[in-house]
Amino acid sequence: MRGDEKCQRQLYELYCEEAFGICRRYARNDQEAEDMLQSAFVNIYRFLHKFEGRGSFSSWIRKVIVHNCIVYLKQHRHMYRTIEISDQHYATEAADSAFSNLEKEDLLKMVQQLPDGYREVFNLFAIEGYSHREIADKLGIAESTSRSQLTKARRLLRNLVIKSKNLVL
């Protein structure tokens with residue numbers, strides 16, 4: 001809180017790995033995740049005085065990072081085309097089997113391939129545990145849009161898993 005660079009470095013080293021993992025889930029690639037990470041830590045240092053001691057410090061940091069990722073994506077959304085992915089049929093049993101054999105890094109790369117809206121809602125709901133109402137408030141969308149985007153994200157992820165495993169449908 002005093003702006004001590006040595007303490008800031010220690011804080012960064014303590015949380016950077018987990019923070020980068022969070023950023024990677026929201027980013028399209030590692031370069032974008034690094035930009036998000038840098039911006040998140042700037043905000044962590046800037047708003048450290050707002051941590052009131054309620055709950056754990058790591059939970060507070062996680063919330064700052066997630067919020068920062070969402071803001072980053074909103075600010076940079078104009079740089080990327082949004083595409084609507086048509087619904088495709090999939091084999092549930094084959095996909096479930098493929099998911100169980102999927103490496104963490106492979107799944108992360110598939111999540112990064114999701115369109116922005118799908119990826120944001122998927123991360124907030126499936127990973128961070130937010131409700132559709134909370135997601136709608138954070139992203140400025142309707143609850144029904146949150147539900148729809150989650151359904152489409154899951155369907156697309158399932159299709160990507162099936163495709164990656166060369167499963168016959």
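Of all residues being in a loop (DSSP other than H, G, I, E, B) and of a type in the set (A, V, I, L, M, F, W, C) in the range 12-58, which is surrounded by the most Cβ atoms within 10 Å (Cβ to Cβ)? Just the residue, please.
If we filter the range 12-58 for residues that are in a loop (DSSP other than H, G, I, E, B), which is where we start, we get 27-29, 47, 51-56.
With of a type in the set (A, V, I, L, M, F, W, C) added as a condition, the list becomes 27, 47, 51.
Values: Ala27: 23, Phe47: 12, Phe51: 14.
Only one residue tops the list, namely Ala27.
Every residue, every condition in (1) in the same structural domain as Lys74 (by TED's automatic domain parsing); (2) more than 17 Å from Trp60 (Cβ to Cβ); (3) of a type in the set (D, E, K, R), yes or no:
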{"site": "Glu13", "(1), (2), (3)": "yes, yes, yes"}
{"site": "Phe20", "(1), (2), (3)": "yes, yes, no"}
{"site": "Ala27", "(1), (2), (3)": "yes, yes, no"}
{"site": "Leu37", "(1), (2), (3)": "yes, no, no"}
{"site": "Arg46", "(1), (2), (3)": "yes, no, yes"}
The range 122-151, residues that are of a type outside the set (Gly, Ala, Ser), over 22 Å from Ser58 (Cβ atoms) and either surrounded by fewer than 18 Cβ atoms within 10 Å (Cβ to Cβ) or in contact (Cβ under 8 Å) with a residue 24 or more places away in the chain (or both):
Phe122, Arg133, Asp137, Leu139, Ile141, Glu143, Thr145, Arg147, Gln149, Leu150, Thr151
Pairs where the first residue, in the range 13-28, is at pLDDT 95 or above and the second is surrounded by 14 or more Cβ atoms within 10 Å (Cβ to Cβ) and not in a helix (DSSP H, G or I), C-beta under 7 Å, 6+ apart:
none
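The rows are residues; the columns are (1) among the aliphatic types (A, V, I, L, M); (2) more than 10 Å from the chain's Cα centre (by Cα).
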| residue | (1), (2) |
| --- | --- |
| Glu105 | no, yes |
| Asp116 | no, no |
| Asn123 | no, no |
| Ala126 | yes, no |
| Ser131 | no, yes |
| Glu134 | no, yes |
| Lys138 | no, yes |
| Ile141 | yes, yes |
Would you say Arg9 is among the charged types (D, E, K, R), surrounded by 14 or more Cβ atoms within 10 Å (Cβ to Cβ) and either at pLDDT 90 or above or assigned to a helix (DSSP H, G or I) (or both)?
no
Residues in the range 59-71 that are basic (Lys, Arg) and loosely packed, with under 15 Cβ neighbours inside 10 Å total 1
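The values are calculated or read from the model by the stated rules, or taken from the named source; none is laboratory data. Model, not experiment: these values are computed from the prediction. Neighbour counts are summed over all protein chains in view; Cβ atoms, including those assigned to glycine, are modelled from backbone coordinates with ideal geometry.
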